[in-house]
Structures are given as C-alpha cells and as structure tokens.
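Structure first, then comments.
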Amino acid sequence: MGNRRRVAERRNTRPAVVGGVIAAVVGGAGLAAYALLGGGAAAENGTANSVAGQPRTKSVKTGPLSAAEVTTTARRFLTAWQQGQVRQAAAATDDSAAATALLTGYTKTARVEGVTLTPGPRTGDKVPFTVRGTVTHKGVAKPLSYESALTVVRRAGDGEPRVAWSPAVVHPDLREGDTLVTGEAGTPPVRALDRDGGELTTKKYPSLEPVLDGLREKYGKKAGGTAGVELRVVRGKESKARKLSDKTLLELSEGTPGTVRTTLSPRLQAAAERQVAARARASVVVLKPSTGEILAVANSSRGFNTAFQGSLAPGSTMKVVTASLLIEKGLASADKAHPCPKYFTYGGWKFQNDDKFQIKGGTFKASFARSCNTAFISQAPKLKDDDLTRQAQQVFGLSLNNWAVGVPTFDGSVPVQSQAQMGASLIGQGGVRMNPLNMASVSATVKSGVFRQPYLVAPSVDGRTLATARRTLSASTLAQLRDLMSYTAAYGTAAEAMAGVSGDVGAKTGSAEVDGQKKPNGWFTAYRGDLAAAGVVQAAGHGGETAGPIVAALLKLGG
C-alpha cells in the first residue's frame, strides 16, 4: 500500500510536458507561463479517494476557484483541443455533448488544421487565448488567427472545475446553434457603395461590419456576383430569430462581387463613426425625414448592430409618442395647465420623477420639457390598455415587424399592457422596446408630418414594398408636438446638448433604468431641418449628457 501511495504521489506531482515544454502551475501563477506548441501532453491521473475495506466518500467542492484549478482546467481543455482529442477536450467542459459537436465540426466542416492555442494571462476565472491554424479546401490553404477566451466554473453536482461551455469559446462570433463551414459560399459577395458612389469598407467604417453582412445576405444573389470559397459562420435557429446574418471569417478564394448602392452619406457616416468611437456602448442613426433615407448608422461595438437591431427600453424619448396620444385624446394641450406631482400611484406602483421634483401650476409644455414622469402616468386611468400600442402602430409605423430597410432590423415593440405596466409604457419603460433607428424615425415623423419607413437601399433596386402608417396626426396635434420638442431643445433637458444647433429644431431626452445597471441607458432623439437622428449610450447616465452630444454633433453637419 505504501509503495502504491508513493507512486501515486510521484505521478500527481510531476510537471506536465506540453509540446516539449515543461509547464508547471505554482500557486497563483497564470497561464502566461507556458504556451501550447503542439505535441503530446501528459494525461491527468485520478487519485484514489478510498481505502481498501472502507466505503468511498466524495465531497462536493465549493467556494471560489483557486488559481491552480483555473489554470489546470484551461490547460487540460486547450491541450486536448490542440491535439485533436475531441473527447478529452469536451470532457473538460460542463457540456460535453455540445462541445463534442462543435469541436468535431471545427476539423470536419470548418477544415481548420494544425491548430496552435496560446493562452494569455489569467484574470480571475477567465483565460484569454490566441488561436492559429490553417484552413484548407481543395488544394487552397490560408492561415487563420483570432483571439478567444474561456471561463472556468464549478460543475453542478460535484463542484469540479470545468470550462463553461459556450460556442463563443471556439470562436467569439459563434452563438448557440451556429456552425463554422468552409466551402463555396452560398451567397456571392457584394461591393457596397455610399450615396456618392464610394465603396463602403470595414477598414474605412469599422462599425458597418454587420450592415455589410446584411447587405450581402439580402442582395448577394441579386447583384450579379459569383461566390468564392470561404470560412464562414452559418447562423442557426436562435441567431436567425435575432436576424443575425451569416458572417465571412476568411476568404480562401475571392468571388466576383455584385454592386449595391446604399443611401449612406460618406460625410455623416464618417462623423458618426468618430462620435461613437469616443464612448463605450454607443449607437446612433441619422435619417432624412423627407424621404426616409438612412444617412448614417454607427455602433461602438462591431459585433452587433444595436442601432438597427437593439431591443432596449427607450425611456422618456417615448414621451414623444405618448404626448401625441394625450393631445389627440384631449388629455393634454401644450399651453394648458397639466399636473406634475412628485408621485403618482397606478396599478399598485408608486411612480416618481427624477430627484422627486414637481411642477406646481405648470403647463404640459413645461412637463414635457423637464421630462416629468407623473405628468404622463397621471393620465393612465383615462386610457385604454391598447391606446399606446395603436398610436405607435397607426401613426408612427412601429411595432408591426414589417419594415423593409434592406438589412435586418428590429422595428420596435409596444405591447398591449395593463395596470402598472401600461403606466410604465407611457414613459418608455414596461414592455416598450426600441433602438436608435426606431427613435430617429419618430423624430422624422414629427418633422415631416408623416411616417416614411427608413431604408438603406432604395426599394427600386429589388421592387420591395415599404411599410406605411395607417394615418397621420391632425394639423393641430402636429403643431403642438413640434412646439413641445422645439421648447425642449431650447429650454428643457435637451438645451445643453442642442446649444449651437440652429434652425428648425426639436429634441427629447430619455433615461431608461435597467435592472442590474448602476447607471441608466441615456437616450436622445432630435431633428434639424431635413435631418433626424437618435442615439443611445448604454449604462452611462442621462441622455442629455451622453447620447445628446453625439446626436447634436451630427445634426450640426447638416445634410
């Protein structure tokens, strides 16, 4: 027994040999101390936890992961993956079935060979790593390189450390159900042009990446190009539900691109890129109210087009829609007295204003300009549950899922709700969800007097039909709504951001509270002449201070 114990001890204390490099994990050392260079790795040996004649007991591990647990688990997974030992790599995760499927496809369908995985320094339970390999198909080979990361967690049931499985571990662009495929592309590439005929590229406009992917998916086969051979992300059911497009990761042989002209303004697009680059999690859209043409779209994050596909509570920018409803219903009038108490209780919820302010003897215009929540929620008892939904759909063209922009979009959602949730919807919370494209369209509708569906590619290109609204606002309601937005831009919560924006202007700020965030999402929507724009900066604070300067800077440039 003693000899067996000494052998077990020797086996479990020797350093692991990784591709000829001895890698020892000591105390809090991170994975940066070694690199996976190919070749064999020593198998991890289990240790007996029972003594002959005694029952085997097993305790569940709990508590924070140690540095050694994180580094050892990451090393085990990365070494097995690098060696093509799919079963062993999958066993190092907390979802071996899903890991096996994707890692098997990495070789068989993605055709990635000669993989080298180089971990970086550990940060807590997370380990970044670099992937390098070669993609080979029918005699054509190209190098592949990208960054990824993994997180180690305790497995449910026994508390053993395992890699938390996610498709993003294999490649950061992968989501649940997506696959990596190398072969002839199903869709030819496109050469996208701006409104002046200049080429739109991700090198020039980094945040257009998802837009260009969407243009290819929509117009690749219609634009007259021929497909090449490439490694691409093929979207699964979940991603398609989110309207995510297939994504090219590496071209092995170029196809012949077709040409698609967009409505983007090179001057405004470049300016929008600069504006969002200065802030984290910022998105903005600029429209032409007289036509619906999209002149600029930009996001701080390149991976997801929040500006077109985001689904976020718009906060008080939604009060533009609500104000039009209240005026039409005779429940508010710009220059007439309107209540703005500190609190208003509806449906069992006690609503309040920012900093619990109140306006005594003020007008509806004053309440709108200062963004008084209770001025709107106080009218909830006089409204039907579906009034706001019908207003958004029939006047502003929202929440019908029928926009044909030319790339995937989320067209806003204003569900029918009741009691407290209905009251919250009036101020852009509750179940209301929007993105900058939707809210720029709201300002454009106010400016032009009629809803014109935004579009990125002219409908004449493919004969598609644009969405329309069922009705327009009366002249009186429209005049009051413009007055409210103009007053807010000059004297209300939007005044600081809109200072220096001259001409026929209107604006509305918004702040949307989000569970788990210390700061709200900041919103801003505005128009100037024949430009309308909206932006959001997530988890950054009030809209007038965050999204406002972005929108105002673009409006100052003119059309």
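The values are calculated or read from the model by the stated rules, or taken from the named source; none is laboratory data. As the structure is a computational prediction, the values presented were derived from the model and not from experiment. Don't worry about glycine lacking a Cβ; one is built from the backbone with ideal geometry, like all the others, and counts go over all protein chains shown.
Is there a residue in segment 264-283 that is at pLDDT below 90 and more than 30 Å from Thr136 (Cα to Cα)?
First pass over segment 264-283, keeping only residues at pLDDT below 90: none.
Looking for residues that are at pLDDT below 90 and more than 30 Å from Thr136 (Cα to Cα), one finds none in segment 264-283, hence no.
Determine which member of the set Thr409, Thr345, Thr389 is part of a helix (DSSP H, G or I), at pLDDT 95 or above and either assigned by TED's automatic domain parsing to the domain that holds Gly541 or buried (at least 22 other Cβ atoms within 10 Å of the Cβ) (or both). Spell out how you get there, then give the answer.
Numbers: Thr409 fails: part of a helix (DSSP H, G or I); Thr345 fails: part of a helix (DSSP H, G or I).
That would be Thr389, the only listed residue that is part of a helix (DSSP H, G or I), at pLDDT 95 or above and either assigned by TED's automatic domain parsing to the domain that holds Gly541 or buried (at least 22 other Cβ atoms within 10 Å of the Cβ) (or both).
Suppose we keep only residues that are charged (D, E, K, R) and crowded, with 16+ Cβ neighbours inside 10 Å within segment 348-386. Which one would you say is farthest from Ser486 (Cα to Cα)?
The qualifying residue farthest from Ser486 (Cα to Cα) is Arg370.
Go over the candidates Asn401, Asn435 one by one and state the one that is of a type in the set (S, T, N, Q) and surrounded by fewer than 19 Cβ atoms within 10 Å (Cβ to Cβ).
Asn401
If the requirement is being in contact with a strand residue (DSSP E or B) (Cβ under 9 Å, 6 or more places away or on another chain), of a type outside the set (Asp, Glu) and at positive phi, which of these qualifies: Gly224, Gly228?
Answer to the check: Gly224.
Right, Ala168: modelled with pLDDT of 95 or more, within 19 Å of Leu250 (Cα to Cα), surrounded by fewer than 21 Cβ atoms within 10 Å (Cβ to Cβ) and within 25 Å of the chain's Cα centre (by Cα) or not?
Yes; evaluated as a whole, the condition is true for this residue.
Which numbered condition in (1) over 35 Å from the mean Cα position of the chain (by Cα); (2) in contact (Cβ under 8 Å) with a residue 40 or more places away in the chain is the only one that Ala313 fails?
(1)
Ala323 - would you say it is in a helix (DSSP H, G or I), under 30 Å from Phe524 (Cβ atoms) and either outside the structural domain of Pro167 (by TED's automatic domain parsing) or of a type in the set (Asp, Glu) (or both)?
Yes: the conditions hold for Ala323.
Kindly indicate whether any position in segment 159-178 is aliphatic (A, V, I, L, M), touching a strand residue (DSSP E or B) at 6+ places or on another chain (Cβ under 6 Å) and more than 22 Å from Thr109 (Cα to Cα).
yes
Within segment 507-525, is even one residue of a type in the set (Ser, Thr, Tyr) and more than 23 Å from Asp355 (Cβ to Cβ)?
Looking for residues that are of a type in the set (Ser, Thr, Tyr) and more than 23 Å from Asp355 (Cβ to Cβ), one finds none in segment 507-525, hence no.
Could you list, in sequence order, the residues of segment 415-442 that are assigned to a strand (DSSP E or B) and either out of contact with any Ser or Thr (no Cβ under 7 Å at 6 or more places or on another chain) or of a type in the set (Val, Ile, Thr) (or both)?
Scanning segment 415-442 gives a single hit, Met434.
Each row is one residue, and each column tells you yes or no for (1) over 23 Å from Asn305 (Cβ atoms); (2) out of contact with any strand residue (DSSP E or B) (no Cβ under 8 Å at 6 or more places or on another chain); (3) aromatic (Phe, Trp, Tyr); (4) touching a residue at least 12 places away in the same chain (Cβ under 8 Å).
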| site | (1), (2), (3), (4) |
| --- | --- |
| Asn401 | no, yes, no, no |
| Val405 | no, no, no, yes |
| Gly412 | no, no, no, yes |
| Gln419 | yes, no, no, yes |
| Ser425 | yes, yes, no, yes |
| Gly431 | no, no, no, yes |
| Leu437 | no, no, no, yes |
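How many residues does segment 357-374 contain that are without any contact (Cβ under 8 Å) to a residue 60 or more places away in the chain and under 32 Å from the mean Cα position of the chain (by Cα)?
The number of residues fulfilling the criteria is 3.
Between Gln453, Gln429, which is closer than 14 Å to Leu287 by Cβ and either among the small types (Gly, Ala, Ser) or under 24 Å from the mean Cα position of the chain (by Cα) (or both)?
Being closer than 14 Å to Leu287 by Cβ and either among the small types (Gly, Ala, Ser) or under 24 Å from the mean Cα position of the chain (by Cα) (or both) holds for just one of Gln453, Gln429, which is Gln453.
Could you tell me which of the residues Arg470, Arg464, Arg452 is over 27 Å from Val537 (Cβ atoms) and touching a helix residue (DSSP H, G or I) at 6+ places or on another chain (Cβ under 9 Å)?
Arg470
Inspect all residues belonging to segment 128-141 and state whether any of them is within 20 Å of Glu69 (Cα to Cα), surrounded by fewer than 20 Cβ atoms within 10 Å (Cβ to Cβ) and within 26 Å of the chain's Cα centre (by Cα).
Checked against the condition, which is being within 20 Å of Glu69 (Cα to Cα), surrounded by fewer than 20 Cβ atoms within 10 Å (Cβ to Cβ) and within 26 Å of the chain's Cα centre (by Cα), segment 128-141 yields at least one hit.
Which one of these is surrounded by 17 or more Cβ atoms within 10 Å (Cβ to Cβ) and either free of Cβ contacts under 8 Å to residues at least 24 places away in the same chain or acidic (Asp, Glu) (or both): Ser448, Ser486? Break it down into steps so the answer makes sense when it comes.
Details: Ser448 fails: either free of Cβ contacts under 8 Å to residues at least 24 places away in the same chain or acidic (Asp, Glu) (or both).
Going through Ser448, Ser486 in turn, the sole match is Ser486.
With the structure loaded, tell me whether Val501 is assigned to a loop (DSSP other than H, G, I, E, B) and closer than 18 Å to Gly310 by Cα or whether it fails that test. Break it down into steps so the answer makes sense when it comes.
On the way: assigned to a loop (DSSP other than H, G, I, E, B): yes; closer than 18 Å to Gly310 by Cα: no.
No.
How many of the residues making up segment 515-529 are over 20 Å from Arg370 (Cα atoms) and either in contact with a strand residue (DSSP E or B) (Cβ under 6 Å, 6 or more places away or on another chain) or outside the structural domain of Asp355 (by TED's automatic domain parsing) (or both)?
1
Listed here are the residues, each with its yes/no results for (1) in a strand (DSSP E or B); (2) within 19 Å of Glu230 (Cβ to Cβ); (3) in contact with a helix residue (DSSP H, G or I) (Cβ under 7 Å, 6 or more places away or on another chain); (4) polar (S, T, N, Q).
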site: Val131; (1), (2), (3), (4): yes, yes, no, no
site: Val135; (1), (2), (3), (4): yes, yes, no, no
site: Tyr146; (1), (2), (3), (4): yes, yes, no, no
site: Thr151; (1), (2), (3), (4): yes, no, no, yes
site: Leu180; (1), (2), (3), (4): yes, yes, yes, no
site: Pro188; (1), (2), (3), (4): no, yes, no, no
site: Ala192; (1), (2), (3), (4): yes, yes, yes, no
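Tell me the residue from Thr468, Thr445, Thr477 that is assigned to a helix (DSSP H, G or I) and out of contact with any strand residue (DSSP E or B) (no Cβ under 9 Å at 6 or more places or on another chain), please.
That would be Thr477, the only listed residue that is assigned to a helix (DSSP H, G or I) and out of contact with any strand residue (DSSP E or B) (no Cβ under 9 Å at 6 or more places or on another chain).
If I ask for residues that are closer than 19 Å to Lys108 by Cβ and free of Cβ contacts under 8 Å to residues at least 60 places away in the same chain, which ones from segment 184-197 would you list?
Glu184
Applying the selection to segment 162-171, what residues are within 14 Å of Lys126 (Cα to Cα) and in a loop (DSSP other than H, G, I, E, B)? Walk me through it before giving the result.
Taking segment 162-171 first, the residues within 14 Å of Lys126 (Cα to Cα) are 162-166, 168-169.
Within segment 162-171, Ala164, Trp165, Ser166 meet the criteria.
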